[in-house]
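The values are calculated or read from the model by the stated rules, or taken from the named source; none is laboratory data. As the structure is a computational prediction, the values presented were derived from the model and not from experiment. So basically every Cβ, Gly included, is an ideal-geometry build from the backbone, and we count neighbours across all protein chains shown. Note: accessible area is taken over every heavy atom of the protein model, side chains too, but ligands, DNA and RNA are not part of it. Shrake-Rupley method; radii C 1.70, N 1.55, O 1.52, S 1.80 Å.
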There are 2 protein chains.
Amino acid sequence: METLAKTTAADVTACLKAVSDPTRLLMMKLVETNELCVCQFVEMFGMSQPAISQHLRKLKQAGLVKENRKGQWRFYSLNQDSVHAPLLQNILSHIEEADPQLLALRAKEAPVDCC
Amino acid sequence: METLAKTTAADVTACLKAVSDPTRLLMMKLVETNELCVCQFVEMFGMSQPAISQHLRKLKQAGLVKENRKGQWRFYSLNQDSVHAPLLQNILSHIEEADPQLLALRAKEAPVDCC
DNA sequence: TCAGTATATAACCATTTCGTTATATAAGTC
DNA sequence: GACTTATATAACGAAATGGTTATATACTGA
């Protein structure tokens, strides 16, 4: 029997601060299912590589994503083991798949070796 | 049959920005059931009246709370009619009732006429 | 009308946030 | 080892955030 994972208000705030930025929220939506590497994010968001790296660092420090190194690449994906995972997935479920911003990003997703 | 209210990523971000502050998140938790007036928040949070007013303004501008004027007092409560209400209540449900911060605030709740 | 109380707004300041450019680190290739 | 590619970190600046104090507004009651 599943019970709702409960946390303190401070925990919830920490999670919310991490995803209350439009770029980071969309990043989390994108890695909800797939894993993506830094260079893919750079392509999709049209943002500088350091900007992307810094967003990912915040998400990682909050425990929301996990890192998976493959050669020179670092892939990021949703960290299911986080205490925040249930809340996070709850939040992400409120974003409609038809959101134009989200669709536009997904349209720019390219295979890794192209970077 | 209830279907999950879906919104754009921008909508979700707007809601999250409003409640990603520790004071405002706790404010929302407090008005989830009760309605509270400004002077009660001031007492509970031990913060200046303008600071409280400004937090409430942000919550109101995001549509998360509604205002109810009674004489000189303005009571705030969760706005059930907001597009954000389902997401918001989802978020609030992740805060445990036993959270010491929350309990401490509730312990300071005083009747209105005392202010 | 005047005084008191409740709340909002304005002006200001310190800190944080989010981007940039420049540079460092680490892995892959020749 | 030298060169390229992928990523991280450092340093910096503009804008946003969240608090303060001072002041304005609005309702209450004598």
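Quick notes
- Copy-to-copy label separations for B:GLU96, where each label sits 7 Å from Cα toward Cβ, in nm and ascending: 3.7
- Rounded percent of accessible protein surface that carbon and sulfur make up, the stretch A:9-105, 1.4 Å probe: 49
- Structure note, pairs A:LYS108/B:LYS29; A:LYS17/B:LYS70; A:LYS6/A:LYS108; A:LYS66/A:LYS108: Cα-Cα distances above 28 angstrom occur for A:LYS108/B:LYS29; A:LYS17/B:LYS70; A:LYS6/A:LYS108.
- The stretch B:85-111 and the stretch A:85-108: distance between their alpha carbon centers, rounded to Å: 27
- For the stretch B:9-105: relative contact order, % (alpha-carbon pairs under 8 angstrom, 6 or more apart): 30
- In sequence order, calculated HN-Hα J values of the stretch B:73-84 (Karplus, 6.51, -1.76, 1.60; Hz; x Gly/Pro): 9, 10, 9, 10, 8, 4, 8, 5, 7, 5, 4, 7
- The amide H of B:VAL65, built 1.01 Å from its N in the peptide plane, has B:LYS60, B:ASN79 as neighbours under 5 Å, considering only residues 5 or more places off or on other chains.
- Remark on the protein assembly as shown: Rg and Dmax equal 19.6, 68 Å (Cα only).
- Only helices enter the 222 nm calculation for chain B: every DSSP H run of n ≥ 4 contributes -39,500 (n - 2.57), and dividing by all residues gives -14500 deg cm²/dmol, rounded to 500.
- With the label put 7 angstrom out from Cα along the Cα-to-Cβ vector, B:GLY71 ends up 7.4 nm from the copy partners, going from closest to farthest.
- 18 Å tail of the calculated P(r), the stretch B:9-105, as % of Cα pairs: 41
- Panel note: contact residues of the stretch B:69-100 (accessible area lowered by at least 20 Å² against the chain on its own; 1.4 Å probe) correspond to B:LEU87, B:ASN90, B:ILE91, B:SER93, B:HIS94, B:ILE95, B:GLU96, B:ASP99.
- Positions from the stretch B:10-30 whose accessible area shrinks by 30 Å² or more when the full protein complex is built, not the chain alone, probe 1.4 Å: B:VAL12, B:THR13, B:LEU16, B:SER20, B:LEU25
- Solvent-accessible area per residue for the protein assembly as shown (1.4 angstrom probe, square angstrom): 51
- Once backbone amide H atoms are built at 1.01 Å from N, A:CYS37 has A:TYR76 as its partners under 5 Å, excluding neighbours fewer than 5 places away on the same chain.
- B:LYS58/A:VAL112 FRET efficiency (R0 45 Å; Cβ-Cβ; nearest 0.05): 0.65
- Among residues other than A:ALA62 with Cβ under 11 Å from its Cβ, the summed charge is +4 (Lys and Arg +1, Asp and Glu -1).
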